[in-house]
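Report on the structure given below.
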Amino acid sequence: MHKTLIGLISFILFTLCCGFQTSDEPVCDSKSLKEKARKTMDPYKYDSAKMTKIAYKVKESLKEVEVPLFLGEKYRFVFNTETITKPVIINVYNKDKEARNRKLLWTSKDDPATLKEHIFEHTHSMKVFVDYSIPPTDSTAVPGCILFMLGYK
Amino acid sequence: MYLNKVASHLNSLLAAVVCLSFFSCGSSSSTDQETTSQAKDTSANSKTVVQKEEPTTFTLPSPLQIASIFKKAGLSYFPNICNQPENASKYSSGKISQALNLGIYSADLSYCALNKQGQDSKNYMKASRDLASQLGLEKVFETDNLANRFEKNLSNEDSLGGIIAEMQMQTDMILEEHEQEYISATVFAGAWIESMYIGGKVYEKGKEKNVAMRLVEQMAIAGNIVKALKASEKKDAGITAVIGNITSICDVYKDFAEIKALANTPDDIDYNKIQISKEELTKLTAKIDEIRASIVKG
């Protein structure tokens, strides 16, 4: 009887301890974010998706995703930012971060801070580069994710 | 006696709690240490803090989009170009062979569906499902009744396209969930090779200039396939051979006169204007035929 009780208490304590454990890994439900982005995609067809982990650092940092496109196709880019805790600016360029003469095609800079889903439509490019500009933040800021989904028609 | 037993159990419990507390705090304390150390470095001399640049990541397009691009370029339907659906049973061993051939069948399915070939689409759907099941992807076809919806819409090219895109999304999600993105990249490699093969075969028959242009344009993503596969080369010994195959196709392309001339500015290539000779295209399609044959033989 007592053994059972002690076992039960140990189990509860263990579960509580695990629950309070902190981690640098963001908790992002990829499936749920993709389902939400897909609803915004219509009438475009799903092409691909990329989840990017956003960890805040004491210095400004950048994460870049290369997106191959095809001439003459129409594309919709959907970015879901609901899991990030500090605003990240999304910029789309025609060339990568190393290129000197790259052109900014779109930015989320002017979108309202409360907006959690950003949409950009584009055509006439072979490839674009999505840059996530992560602001300098106290590194204890909770990490998150940005879900990017691409659709075409 | 009884009290002694209880005391002994309580001691064990206390010890367990102490251990658990230590364990649970260990992780956060190590994080705190890292944070503090990082903060100290920054305040001591902010100029010496170098933010290590992370490499650019990338996405790969879907096989359906590639089929759709070729279709818009005038790719007409020719029966018997695709891999025979009955061959699916040959690919019973080796994940990489199964993934490559699942990609091949995905491209065949898209080619048939976009060309309103109902019965062939059904056959390729079955072949894809058989191989997908062997890779643990059976759930894809059960989600939202996708397999049944597919069969009910065989004569509707738009609906079939939507259902195939939905399957692609479900496949990506399952593979991501099980940390098997390398399977995703390998499936895409197979689909890309088959799309190039079909494009090459149709070009041989009709000499459609737009199809030729699209074949060359597709080479722009070959580098990304290689990068995606290299990122997971350690996951399966078979990936190295796939990388070798795609690289050998790239080597043929890099040897084209106009591509050589633009080697230093590959991002500035205008695929609408580029001139590729018939001999060069023949070399490219011959290399693709050779590699595709080695995959489908199982």
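Let me check I've understood the local charge: for B:G74, count other residues with C-beta under 10 angstrom from its C-beta, Lys and Arg +1, Asp and Glu -1. What total comes out? That sum, taken over residues with Cβ under 10 Å, equals +3.
What's the average, rounded to a whole number, of partner chain beta-carbon atoms within 10 Å of each residue's beta-carbon in B:168-177? That works out to 4 on average.
Taking the Cα centre of region A:26-152 as origin, sum charge times position over the Cβ atoms of Lys and Arg (+1) and Asp and Glu (-1), and report the length of that vector in debye to the nearest 20.
So the magnitude is around 160 debye.
The calculated FRET efficiency for B:E138 paired with A:T40, based on their beta-carbon distance and R0 = 25 Å, is about 0.30. Oblate is the label for region B:63-296, because a/c, from the alpha-carbon gyration tensor with a ≥ b ≥ c as root eigenvalues, is 1.5 or above and a/b does not exceed b/c. Per the Kirkwood formula applied to alpha carbons, region A:26-152 shows a radius of gyration over Rh ratio, Rg over Rh, of 0.95. Remark: mean inter-chain Cβ contacts per residue of A:62-69 equal 6, using a 10 Å Cβ-Cβ cutoff to other protein chain atoms. Estimated at the nearest 10 Å², the accessible area of B:K230 is 120 Å² with a 1.4 Å probe.
The distance from the alpha carbon centre of region B:181-221 to that of region A:57-130 is 28 Å, rounded to a whole number.
Cα extents for region B:188-251 along the principal axes, largest to smallest and rounded to whole angstrom: 42, 18, 17. Association of chains B and A removes close to 4700 square angstrom of accessible area from solvent, both sides included, for a probe radius of 1.4 Å.
With a Förster radius of 35 Å applied to the C-beta separation of A:T85 and B:E181, the computed FRET efficiency comes to 0.85. Approximating the spin labels as points 7 Å out from Cα along Cα→Cβ, the A:K31-to-A:H124 distance works out to 4.2 nm. Sorted largest first by accessible area at a 1.4 angstrom probe radius, with every protein chain in place, the residues A:V27, B:V226 fall in the order A:V27, B:V226.
If I take every Cα pair under 8 Å that is 6 or more residues apart in region B:172-277, average their sequence separation and divide by the length, what percent do I get for the relative contact order? Relative contact order of region B:172-277: 23 percent.
The values are calculated or read from the model by the stated rules, or taken from the named source; none is laboratory data. All values reported here derive from a predicted model rather than from experimental measurement. Backbone-built Cβ (ideal geometry, glycine too); neighbour counts: all protein chains shown. We work out accessible area using only protein heavy atoms, side chains counted, and drop any ligands, DNA or RNA first. Shrake-Rupley method; radii C 1.70, N 1.55, O 1.52, S 1.80 Å.
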